[in-house]
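Please read the structure below before turning to the comments.
The values are calculated or read from the model by the stated rules, or taken from the named source; none is laboratory data. What you see is a predicted model; the values in this text were computed from it and never measured. Backbone-built Cβ (ideal geometry, glycine too); neighbour counts: all protein chains shown. For the accessible areas, the whole protein counts, side chains as well, though only heavy atoms, and no ligand, DNA or RNA atoms are used. Shrake-Rupley method; radii C 1.70, N 1.55, O 1.52, S 1.80 Å.
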Amino acid sequence: MGSVMSLSSSKRKATSQDVESVKRQKICLTNRVVNVAAAAFTKFRFQQDNKDTISSVLALPCPPTSVSRIWKHHVFPSFDGEDVRKTILSHILESFRRKGIDTFSDNNIERSKSIGLELKEAIRGSKIAIVLLSKNYASSSWCLDELAEIMKCRELLGQIVMTIFYEVDPTDIKKQTGDFGKAFKKTCNGKTKEHVERWRKALEDVATITGEHSRNWRNEAAMIEKIATNVSNMLNSCTPSRDFDGLVGMRAHMDRMEHLLRLDLDEVRMIGIWGPPGIGKTTIARFLFNQVSDRFQLSAMIVNIRGIYPRLRLDEYSAQMEVQQKMLSTIFSQKDIIVPNLGVAQERLKDKKVFLVLDEVDHIRQLDALAKETRWFGPGLSLQQKMLEF
């Protein structure tokens, strides 16, 4: 499902010319209006089979995610000590320490043939699991049991799993071939068929997770720095927001917005909020973004659109290119993104689930550059939220 939302600030009275201009641009706003803040209103439009419709009301609860859990550790590392403990792992842990990343240590746990309750609790209590796959990883039943538990937590608890392929080919891990396969076969001797299949499934799944390959790096220190930075950024992005804890009455606004968003529908929606300055339109948008953006494949909040693309620009095309470049750069977290023409946004986002908030939009040409039509965005749980000022 996709939606476009407009939050707008009304500094002047809308004229008939304004209204006609909007109509000419085929902005299909329904006649359904709800109160959002003292003098703010929300309207929505959505296009399905080229017809305007008004949807029924249904709010969905937020699905459980890793964000809502309380974690004991930032990172749980799974590795074969003989291969990496005194080499790459020691450097990774030092880099983590410098960045304030808390890593679970198993130094005080007595090794046995299978992992115990303490280790399982440590895995379940870690926000991120890093699987450091090496040549002899599969020679340890301990490592394989850890991996099976990690993949289980990934599926059931939403645990983040990152991979590092250290001097080993991911294909050998997935198919249990080569030296890695030989070690795995030896470890499987005497194990039940069920146990072996659980290990095999875990290896197949972890091998498909995109990670860092040591063979692709000439400088191991640079690879480690990138890993540590990625983990740090991931921890930051997964930190629950407390920014709106002191706000009163937001739940009522969110209930109204969820009735309009209809996150259960496979549609693209555009919703607008506008009203006088200072009544809380942007606050409502930020709060909503904080509450639901993690349900989408891509999400971004673009602020000060009218500053990037003001009403009076001699070169309208260049202005539209500039604002679209800003939007795509934010969505894809790519500073140097190149936008050669205005068709890039539609091409890149047409099959994506997107939640997009555009703040301080004050004329229709900005919308033409950023989300001219609902078909620019993919169906499914996709939401585009816009702020439009009349």
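Scanning segment 252-269 for residues that are assigned to a helix (DSSP H, G or I) and open to solvent by less than 10 Å² (accessible area, probe 1.4 Å) yields Met254, Met257, Leu260, Leu261. Condition check: within 29 Å of Ser237 (Cα to Cα), assigned by the TED database to the domain that holds Val131 and free of Cβ contacts under 8 Å to residues at least 60 places away in the same chain. Does Thr187 satisfy that? So Thr187 fails the test.
A residue that is within 22 Å of Cys238 (Cα to Cα), assigned to a loop (DSSP other than H, G, I, E, B) and in contact with a strand residue (DSSP E or B) (Cβ under 8 Å, 6 or more places away or on another chain) can be found somewhere in segment 152-173. If only residues of segment 179-228 that are within 16 Å of Val161 (Cβ to Cβ) and assigned to a loop (DSSP other than H, G, I, E, B) are counted, the one that is farthest from the chain's Cα centre (by Cα) is Ala207. For segment 298-357, name all the residues that are closer than 21 Å to Ala285 by Cα, more than 17 Å from the chain's Cα centre (by Cα) and among the hydroxyl-bearing types (Ser, Thr, Tyr). Tyr309, the sole residue that qualifies.
For segment 303-320, residues that are touching a strand residue (DSSP E or B) at 6+ places or on another chain (Cβ under 8 Å) and free of Cβ contacts under 8 Å to residues at least 60 places away in the same chain total 3.
Screening segment 272-338 for helices (runs of 4 or more DSSP H) wholly inside it with 2 or more residues that are in contact with a Phe, Trp or Tyr (Cβ under 7 Å, 6 or more places away or on another chain) returns the ranges 281-292, 316-331. For Val292, the criteria (1) crowded, with 21+ Cβ neighbours inside 10 Å; (2) more than 30 Å from Asp102 (Cβ to Cβ); (3) modelled with pLDDT under 80 hold in every case but one, which is (2). Here Lys326 meets the list (1) more than 26 Å from Gln291 (Cβ to Cβ); (2) open to solvent by 30 Å² or more (accessible area, probe 1.4 Å); (3) modelled with pLDDT of 80 or more almost entirely, failing just condition (1).
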